[in-house]
Amino acid sequence: MPTHRATLETRKYPQNIKGLVMSSTFDQVATIIAETCDIPRDTITPDSHAIDDLGIDSLDFLDIAFAIDKQFGIKLPLEKWTQEVNDGKATTEQYFVLKNLCARIDELVAAKGASA
Amino acid sequence: MQLEYFHMIDRIVDLKVDEKTIVVEARVPQESTIFEGHFPGYPLMPGVLLIESMAQASGWLQLGVFKFERMPILAAVKEAKVRGSVFPGDLMSIEASLAHEGSGYAMTEAKIRVGGKLRANSALTFTLIPFPNADMRGHMAKIAERVGFPQQVVSP
C-alpha cells in the first residue's frame, strides 16, 4: 500500500529525505541567482551573502525575488525585512545569507501549505 | 499629451482593478520642440517616450490596484521593442496588465497600438514607494481627475 511504503521510507531514511528537501530549495535558489544575475553557479554556496559576497544589488534582487515568488508560490516579504534591518531589529545575514534565505522560503512555503 | 511636462496620458478608457488591466489613450501632439530636433523634416516620437508612455499607463493601473496608497516608480525596462514608428497626431491606445505583485515592487506588461497595430511593447518593473510628500500626492490627484481616473476604485 502506498501509505505504508511512504512511512517505511521515511523511517528508513529520515536524514536523507530532510537533506534532499533542504538542498532542493538551495539548488533552486542558486540556479535562479546564477541565471538572473549571470553569476557562475559554482561560486554560489549556502554560506554566500547575496549582497556582500555575490554583489547583488537591490534592483537585481527584485528579479530574484520575482523568480522565487513564482517558483515557490510565495511572496517574499522584502519590505518587512528591509524595515527590520533599517530599524536594527534584524541583520542582513538573517535574510540574505543563502542558507538563511532558503530557510525563510521553506517557512513561507510551509505556512502557505498550512493555511491552504 | 503635454510632452514638455511628461504628461503622456490623456484619458483612462478602461481600468479593471479586479482583472488588473488598464487601457488608456494618448494623442501625440502635432507640434513640439521635441520634433524640431527629432527629426527636422521627419518628426518621430522618440522610443524612450513610448517606454515612458507605457510606464505611465502601468502607473495608473497600479495607482488603481493599490488604491493610491503607493506611488510606482519605474525601476527596470525589459524586452522593450519599438515595432513601428509613432508620428505627430497619432492616437496611441496603451494597454497594461499587472504581471506580478511583489512586496514593495510590481511588474507589468504593456503595449502601444496605433490604429489597432502594435507599435511597441515592454515588460516593466516598478518599486512602490510611500508618497514622499503631500505636494506630490496632490499633484497626482489633480492629474487623476484630468485623465478620468475612476475615483470609486479607491473609495471604500
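A compact table of results
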{"item": "Partner chain coverage, peptide B:119-126 - average Cβ within 10 angstrom", "result": "1"}
{"item": "Charge dipole (debye, nearest 20) of the protein assembly as shown; +1 at Cβ of Lys and Arg, -1 at Cβ of Asp and Glu", "result": "900 debye"}
{"item": "Potential extension, residue B:137-residue B:2 segment - 0.36 nm per residue separation minus Cα distance", "result": "46.6 nm"}
{"item": "Label-point separation, residue A:58 to residue B:74 (7 Å along Cα→Cβ), nm", "result": "2.0 nm"}
{"item": "Per-residue [θ]222 nm for chain B (sum of -39500 (n - 2.57) over DSSP H runs n ≥ 4, rounded to 500)", "result": "-7500 deg cm²/dmol"}
{"item": "Contact order relative to length of segment B:63-156, as percent, for alpha carbon pairs under 8 angstrom and 6 or more apart", "result": "33 percent"}
{"item": "For segment B:85-97, 3J(HN,Hα) per residue [Karplus equation, 6.51 cos²θ - 1.76 cosθ + 1.60, θ = phi - 60°, Hz, x = Gly/Pro]", "result": "6, 10, 10, x, x, 5, 9, 8, 10, 10, 10, 9, 9"}
{"item": "Listed residues B:91, B:34, B:8: farthest to the positive end of the dipole of chain B (Cβ charges)", "result": "B:91"}
{"item": "Electrostatic dipole magnitude of chain B [Cβ: Lys, Arg +1; Asp, Glu -1; Cα centre; debye, to 20]", "result": "240 debye"}
{"item": "Too-long pairs where the Cα-Cα distance tops 25 Å, listed order kept, from A:70/B:78; A:89/B:20; A:89/B:67", "result": "A:89/B:20; A:89/B:67"}
{"item": "Bins of 10 Å from zero: percent of alpha-carbon pairs in chain B", "result": "11, 42, 35, 11, 1, 0"}
{"item": "Shielding by partners, peptide A:55-63 (average Cβ within 10 angstrom, other chains)", "result": "3"}
{"item": "Most fluctuating residue given options B:21, B:108, B:33, as computed from a GNM of chain B linking Cα atoms under 10 Å", "result": "B:33"}
{"item": "Bins of 5 Å, starting at 0 and running to the largest distance - Cα pair percent for the protein assembly as shown", "result": "1, 5, 10, 13, 14, 12, 11, 9, 8, 6, 4, 2, 1, 1, 0, 0, 0"}
{"item": "Set of segment B:98-127 residues, backbone N closer than 14 Å to the point 7 Å along the Cα-Cβ line of residue B:83", "result": "B:110-123"}
{"item": "Per-residue HN-Hα couplings for segment B:42-47 [Karplus 6.51, -1.76, 1.60; θ = phi - 60°; Hz; x = Gly/Pro]", "result": "8, x, 9, 5, x, x"}
{"item": "Net +/- balance of residues flanking residue B:13 in space, Cβ distance below 13 Å, scoring K and R +1, D and E -1", "result": "0"}
{"item": "Candidates B:99, B:26, B:110: whichever shows maximal mean-square fluctuation once chain B is modelled as a Gaussian network with Cα springs under 10 Å", "result": "B:99"}
{"item": "Percent breakdown of C-alpha pair distances by 10 Å bin, ordered from the shortest bin, for segment A:58-106", "result": "25, 60, 15, 0"}
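Quick note: the coordinates plus some simple rules give every number you see, no bench work behind them. The model shown is predicted, which means the values in this text are computed figures rather than measured ones. Positions of Cβ are backbone-derived with ideal geometry, glycine not excepted, and every protein chain shown enters the neighbour counts.
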